[in-house]
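Let me begin by presenting the structure, written as C-alpha cells, before commenting on it.
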Amino acid sequence: MSRLSRITIDPEICHGKPCLRGMRWPVEVIIDMLSASMTTEQIMEDHPELEKEDILASLDYAKIALSGRSIREVA
C-alpha cells in the first residue's frame with residue numbers, strides 16, 4: 001500500500017484540505033512542524049496518534065503538489 005493512501009481529502013474535514021487518515025491533521029500542519037525543526041520523533045512524541053508513515057506521507061504529498069502533478073496521477 002502506498003503511503004499516499006494515508007492522505008485523505010474530505011470536504012467535511014478541515015474544509016477539504018489534504019489530511020492524514022481522515023483525522024483533523026492537515027498535511028500543511030505536519031510540514032509546518034517539520035519546518036520548525038521538529039524531528040519525526042518529536043512530532044510523534046507530542047502527538048501519539050500520528051505515525052512515522054503519516055509524516056513520510058505528508059512529505060510525499062508535498063513533493064507531488066510542488067511538482068505540479070496530482071495525487072491521482074501517482075496513486
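Assuming charge only on the beta carbon of Lys and Arg (+1) and of Asp and Glu (-1), the dipole of the range 3-68 about its Cα centre is about 260 debye to the nearest 20.
Cβ-to-Cβ counts within 10 Å put Cys19, Cys14 in ascending order as Cys14, Cys19, the fewest first. Among Met33, Ile55, Cys14, whose Cα lies farthest out toward the positive end of the dipole of the range 12-68, if unit charges sit on the beta carbon of Lys, Arg (+1) and Asp, Glu (-1)? Ranked along the dipole, the leading option is Cys14. When restricted to Cα atoms, the range 3-68 yields an Rg and a Dmax of 11.2, 33 Å, respectively.
Here, each number is a calculation from the coordinates, and none is a lab measurement. Every value quoted in this text rests on a predicted model; they were computed, and no experiment measured them. Using ideal geometry, Cβ is built from the backbone for each residue, glycine included, and neighbour counts are taken over all protein chains shown.
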